[in-house]
1. Could you please give the count of residues in segment 41-84 that are out of contact with any helix residue (DSSP H, G or I) (no Cβ under 9 Å at 6 or more places or on another chain), touching a residue at least 24 places away in the same chain (Cβ under 8 Å) and assigned to a helix (DSSP H, G or I)?
2. Consider segment 90-114. How many of its residues are more than 11 Å from the chain's Cα centre (by Cα) and farther than 15 Å from residue 58 by Cα?
3. Return yes or no: is residue 100 in a helix (DSSP H, G or I) and either out of contact with any helix residue (DSSP H, G or I) (no Cβ under 9 Å at 6 or more places or on another chain) or within 22 Å of residue 71 (Cα to Cα) (or both)?
4. I'm told residue 124 meets every condition in (1) exposed (fewer than 15 other Cβ atoms within 10 Å of the Cβ); (2) more than 15 Å from the chain's Cα centre (by Cα); (3) not in a loop (DSSP other than H, G, I, E, B) except one. Can you identify the failing condition by its number?
5. Give the residue, chosen from 177, 161, 149, that is at pLDDT below 95 and part of a helix (DSSP H, G or I).
6. Output the residues belonging to segment 174-186 that are without any contact (Cβ under 8 Å) to a residue 60 or more places away in the chain and either over 18 Å from the mean Cα position of the chain (by Cα) or crowded, with 17+ Cβ neighbours inside 10 Å (or both).
7. Taking residue 37 as the residue in question, decide whether it is in contact with a helix residue (DSSP H, G or I) (Cβ under 8 Å, 6 or more places away or on another chain), at pLDDT 95 or above and crowded, with 21+ Cβ neighbours inside 10 Å.
8. Quick one: count up the residues across segment 1-34 that are farther than 20 Å from residue 175 by Cβ and either at pLDDT 65 or above or outside any helix (DSSP H, G or I) (or both).
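The values are calculated or read from the model by the stated rules, or taken from the named source; none is laboratory data. Keep in mind the model is a prediction, meaning the values are calculated, not measured. FYI the Cβ positions are ideal-geometry reconstructions off the backbone, even for glycines, and counts take in every protein chain you see.
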């Protein structure tokens, strides 16, 4: 396993089932400059109407440190697409994933199956909390969301549309719907 795959997941801490405000949904991509910050913003907006602030949503990059991207802005195409849809990512800064964040999260949404597999190896006691974005909507065959770094805005627009479909379906059934229901019962 390469250093990027193990992702410098940091020190061990005891897991918390819920943060003080509610469950944590963590969105992961490779560098935290495109897919994960955009999905984080989409999910936050979708939750705003139904969750009344109990669920926290954050994002991080599995290889941000290795790619030397810590603190970088979201990429230009991501910023443009976000703005077109009324989302502001101008204050986003890429941050690396660490083990404490992974353990604290109740649900970890990755973009690619290899990312989920790496995290399952690192945190084997909770294998079901790692799903790809497309698995949220019940996808079983084409579960990976390709990286769009360096791609034209149209590719990022397609990701945005796919993310909207996945999030809408995820509110109906699956791990996100289950997490939101359990949080309401708390």
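1. Count: 1.
2. Final tally of qualifying residues: 3.
3. On the way: in a helix (DSSP H, G or I): yes; either out of contact with any helix residue (DSSP H, G or I) (no Cβ under 9 Å at 6 or more places or on another chain) or within 22 Å of residue 71 (Cα to Cα) (or both): yes.
The answer is yes for residue 100.
4. Residue 124 satisfies every listed condition except (3).
5. One residue alone meets the criteria, 177.
6. We begin by selecting, within segment 174-186, every residue without any contact (Cβ under 8 Å) to a residue 60 or more places away in the chain; these are 174, 177-178, 181, 185.
The answer is 174, 181, 185.
7. Numbers: in contact with a helix residue (DSSP H, G or I) (Cβ under 8 Å, 6 or more places away or on another chain): yes; at pLDDT 95 or above: yes; crowded, with 21+ Cβ neighbours inside 10 Å: yes.
So residue 37 passes the test.
8. Summing the residues that are farther than 20 Å from residue 175 by Cβ and either at pLDDT 65 or above or outside any helix (DSSP H, G or I) (or both) in segment 1-34 gives 16.
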